Structures are given as C-alpha cells and as structure tokens.
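Shown next, in structure tokens, is the structure this report addresses.
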Amino acid sequence: MTLGPYTYLTLSMRPESTPQVGVSFHTPHLKVRAGLLLSDPRPYLEFSSDEANVHISTTGAGPVTDADLATAREIFTAAARYLADCEQLHAEQTADDDKDATPDTTGTAA
C-alpha cells in the first residue's frame, strides 16, 4: 500500500532525555529556499510544506562560526548526494517504463 503525499511529524519526550522532533516530508508540495535575514544578518535554510516548516540557521542565531560552516558543508554534500540518487533512480525508472512500453517486434510473444 502506497500512501499519498504527506508530512509526518513525531515528538519523543522521555524522562531525563532531550526531546526529539522528527519531520519527514513526503509531498510534491515541498518548498526549499535559502536566504539572508536582513534585520539580523544571518543565513537561513527553510524546508516547508502546507503542514510543516523547518528552518536552519546559525548557532544561537548569532554570528557565523566554524561549526556553522561545517554544518553548511554537510548540508551541501548531503543535498548533492540526494540529487545524484534521485537522478539515478529516475533514469532507471524511466528506462524500465520505456522497456515496458516498447512493443514486441520480434514476432514472439512473451
């Protein structure tokens, strides 16, 4: 069973543990943008759907640190890997669809 587009949010709270929030976007309506907040100059990255928003910015919403640069590089690397994986799977799916749609011209039935 395949579920339709959705955004899934979880909140885990355990005694003596840091609360954990998880957001999973499974929707074609996902928007991603980056920018610079002008009122307090700092970069941000935003993922949003109709159901949820996730914002990422600098440590403590303050000046850009070496740790912020490292995190931004990790995001960049992960996004590049996500793109490459999506492109590969899309190409494979398109090839499979094309193969399935090609009529048998050899005169033999499968």
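For this structure, a couple of remarks:
- Other-chain or far-sequence residues with amide H under 5 Å of Thr27's (modelled H): Tyr6
- Note on segment 1-53: Kirkwood radius taken over Cα pairs, Stokes-Einstein applied at 37 °C and 0.692 mPa s, translational D equal to 243 µm² s⁻¹.
- Largest GNM mean-square fluctuation across Arg14, Arg73, Arg81, computed for the chain with C-alpha springs under 10 Å, falls on Arg14.
- For segment 12-52, averaging the sequence separation of C-alpha pairs within contact (under 8 Å, six or more residues apart) and dividing by the residue count gives a relative contact order of 32 percent.
- Summarising the amide proton neighbourhood of Arg42: residues at separation of 5 or more, or on other chains, whose placed amide H is nearer than 5 Å comprise Leu37.
- Value of Rg/Rh across segment 5-108 [Cα atoms, Kirkwood radius]: 1.17
- Listed residues Leu83, Leu9 arranged by accessible area, highest first, probe 1.4 Å: Leu9, Leu83
The values are calculated or read from the model by the stated rules, or taken from the named source; none is laboratory data. Predicted model, so just to flag it, every value in this text is computed and none were measured. SASA here: full protein model, heavy atoms, side chains in, ligands and nucleic acids out. Shrake-Rupley method; radii C 1.70, N 1.55, O 1.52, S 1.80 Å.
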